[in-house]
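A short reminder: the numbers here are calculations on the coordinates, not readings from a lab. Values in this document were obtained by computation on a predicted structure and should not be read as measured data. Methodologically, a virtual Cβ is constructed for each residue, glycine included, from the backbone with ideal geometry; neighbour enumeration extends over all protein chains shown.
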Amino acid sequence: MNIRKISIKEGTIAGEEKTSCTIFRGIPYAEAPVGKRRFQAPKPKEPWLGIYDATEFKYQCPQADPTSGFYGKEFYTDPNYPLPEQNEDCLYLNIWTPSVGTERKYPVALWIHGGAFDHGFGSEMEFDGEAFTQNGVILVTINYRVGVFGFFAHPDLKEEDPMGSVGNYGILDQVMAIRWIYDHISAFGGDPERITIFGQSAGAMSVQTLISSSLTKDMIHGAIMQSGGGIDNGLTKALLPEEAYAVSEKIMKLCGAKTIKEMRDIPAEQFVSLLPDLYKDLQGLAFSPVIDGVVLTDSPSELAKRGRIHDIPYMLGITSEDITIEKGSDARKSAFYEGCINFARERNHHGKNPVYVYYFKRQLPSDDAGAFHSSELWYVFGTLGRCWRKMEPHDYKLSDDMISCWCSFIKEGDPKKGWKPYDEKGEFVRIFL
């Protein structure tokens with residue numbers, strides 16, 4: 001393995017230098033949120049001695065086993081891509097860069113994984129940055145706290161927090177990661193003034209939360225929301241503190257805990273094992289961002305309607321057999337699709353920057369699942385060769401087209417290839433077939 005070393009203010013990092021790119025895996029962007037730091041906002045990482053080995057992916061946040069069912073086969077059971085160990089010490093990021101130590105400053109894309117806010121991690125087999133680096137873009141993927149670890153809410157925790165935030169630890173992890181990238185990416189050849197954030201499903205909901213928050217002001221210069229962004233789309237939501245407290249009260253009952261101290265002493269695996277019982281009494285997601293007055297002052301939909309979000313270029317869309325869409329129905333008549341259109345219309349009314357809308361309807365080969373929720377990920381990251389499906393030449397061409405569009409948007413705020421902004425005159429939607 002060829003090693004490339006770079007220095008940041010916390011110390012020296014050693015990553016893997018490959019022919020096409022350099023990869024830095026498992027860089028800590030915050031202190032481990034363990035012990036007394038459980039259910040607290042992330043703390044900046046202290047300097048380390050010696051050389052930090054960034055050649056292996058690090059821990060995923062504790063979560064349920066994802067290997068069963070449809071998505072298990074799709075993303076989580078290939079022995080060539082084993083699942084990382086689980087540990088609360090999970091605040092790590094990974095960087096793929098086309099060059100280190102160059103005078104050129106590359107635009108940066110930060111990927112936020114999905115997973116219903118209760119599972120997922122930044123080194124899943126469908127994610128990879130090599131195709132981005134070949135298009136002159138640095139890719140960063142992150143782990144953040146999910147489930148109870150990332151979204152447990154209690155009035156005592158609000159009192160304990162210096163900012164008065166509550167229930168948003170997973171989102172605050174994402175904010176910390178953005179701040180880390182803004183402060184450090186120059187050392188990796190990146191341009192801190194050109195950071196685009198993008199995500200899918202709960203990752204898209206995270207992106208919409210982040211572009212609706214004052215905590216990320218002036219650090220985000222573009223955003224992409226895949227299958228989770230929009231206005232009143234039937235999925236994206238934020239909880240009032242009282243709603244988050246009610247969910248967390250059920251968690252405490254399932255744990256047999258009465259105090260925050262007791263909650264901090266409970267083994268991590270117990271929080272994972274209670275999830276099936278927690279979901280029995282709930283409709284929809286158990287965990288979502290909280291309108292705490294710090295991260296969010298209102299729901300992302302309401303803030304978008306009032307124009308109270310970052311005025312930057314946006315791209316968003318869905319798949320034809322996406323989540324919440326009934327099999328065999330026209331997804332373009334769904335609330336999920338209309339949510340994207342509503343978002344574009346409001347931005348045209350309130351903002352100065354363009355919005356680009358897409359509709360992914362490639363029917364994936366080898367079964368009848370169609371363009372299912374998450375299906376576009378293989379194409380966006382150029383990882384079709386890792387998929388169990390018998391991909392066709394057309395799939396590789398489609399992937400190349402999508403990567404080109406995503407990278408052009410990240411570099412210039414314009415996906416190009418004839419893709420026009422959505423406006424009332426043209427109502428242009430790019431269809432990926």
Requested in this report: Starting from the coordinates of the alpha-carbon atoms of the range 30-107, obtain the Kirkwood hydrodynamic radius over all distinct pairs and give the value in Å to one decimal.
Outcome: 15.8
Query raised in the report: How long is the gain from GLU269 to GLN363 if the chain were fully straight, where each residue apart is worth 0.36 nm and the alpha carbon distance is subtracted?
Result: 30.0 nm
Query raised in the report: Which entries in LYS43/LYS305; LYS333/LYS361; LYS9/LYS105; LYS333/LYS425 show an alpha-carbon gap greater than 22 Å?
Result: LYS43/LYS305
Query raised in the report: Considering the chain as a Gaussian network with a 10 Å cut-off on Cα pairs, which listed residue, PHE132, PHE372, PHE152, attains the greatest mean-square fluctuation?
Result: PHE372
Query raised in the report: Dipole of the chain (Lys/Arg Cβ +1, Asp/Glu Cβ -1, origin at the Cα centre): which of PRO82, LEU110, PHE151 lies farthest to the positive side?
Result: LEU110
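Based on the Cβ-Cβ distance from SER404 to MET163, what FRET efficiency comes out when R0 is 51 Å, to the nearest 0.05?
Working: r = 41 Å, r/R0 = 0.80.
For SER404 and MET163, the calculated efficiency is 0.80.
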**Report entry** Over the chain, relative contact order from alpha-carbon pairs under 8 Å, at least 6 apart, %
**Finding:** 15
Requested in this report: Please give the net charge around LYS250, taking every other residue with its beta carbon less than 13 angstrom from that of LYS250, where Lys and Arg add +1 and Asp and Glu add -1.
Outcome: -2
Requested in this report: Return an integer: the convex hull volume of the alpha-carbon atoms of the range 137-212, in Å³ per residue.
Outcome: 108
Query raised in the report: In terms of Cα to Cα distance under 15 Å, which aspartates and glutamates are near enough to LYS417, apart from those fewer than 8 places away along the same chain?
Result: ASP400, ASP401
Query raised in the report: Build a GNM of the chain with springs between Cα atoms under 10 Å: which of SER366, SER273, SER99 gets the top mean-square fluctuation?
Result: SER366
Query - Cα-based reach from LYS58 at 12 Å (exclusive), listing aspartates and glutamates while leaving out same-chain residues under 8 positions away - result: GLU85, GLU88, ASP89, GLU124
Report summary line: From fewest to most C-beta neighbours within 10 Å, the residues TYR279, TYR314 line up as TYR279, TYR314
Query raised in the report: What's the longest piece of the chain with no exposed trypsin sites (Lys or Arg not before Pro), counting a site as exposed if DSSP puts it in a loop and it has at most 13 other beta carbons within 10 Å?
Result: 105-216
Report task. May I ask you to list the lysines whose Cα is less than 25 Å away from that of LYS258, ignoring any residue fewer than eight positions away on the same chain? Result -> LYS36, LYS158, LYS250, LYS280
Query raised in the report: Mind checking which of ASP367, ASP232, ASP128 has the largest fluctuation in a GNM of the chain, springs on alpha carbons under 10 Å?
Result: ASP367
Requested in this report: Pop a pseudo-label 7 angstrom from the Cα along the beta-carbon direction at both LYS73 and ARG389 and give the gap in nm to one decimal.
Outcome: 1.3
Report summary line: Here the FRET efficiency for SER99 versus GLU56, based on Cβ atoms and R0 = 22 Å and rounded to 0.05, is 0.50
Query raised in the report: How big is the range 210-339 by Rg and Dmax over its Cα atoms, in Å?
Result: 17.7, 50
Query - Spacing of the two label points (7 Å from each Cα toward its C-beta) at LEU282 and LYS258, in nm - result: 2.5
Requested in this report: Quick one: grab the alpha carbon gyration tensor of the range 3-432, order the square roots of its eigenvalues as a ≥ b ≥ c, and give me rounded if a/c is under 1.5, else prolate or oblate depending on whether a/b is larger than b/c.
Outcome: rounded
Report task. Check each of the GluC sites (Glu not before Pro) in the range 263-349 and keep only those in coil by DSSP with at most 12 other C-beta atoms within 10 angstrom; list them in order. Result -> GLU326
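At 222 nm, what helix-only mean residue ellipticity would the chain give, in deg cm²/dmol to the nearest 500, using -39500 (n - 2.57) for each DSSP H run of four or more?
For the chain, the value works out to -8000 deg cm²/dmol.
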Query raised in the report: So how far, in whole Å, is the C-alpha centre of the range 120-156 from the one of the range 193-239?
Result: 13
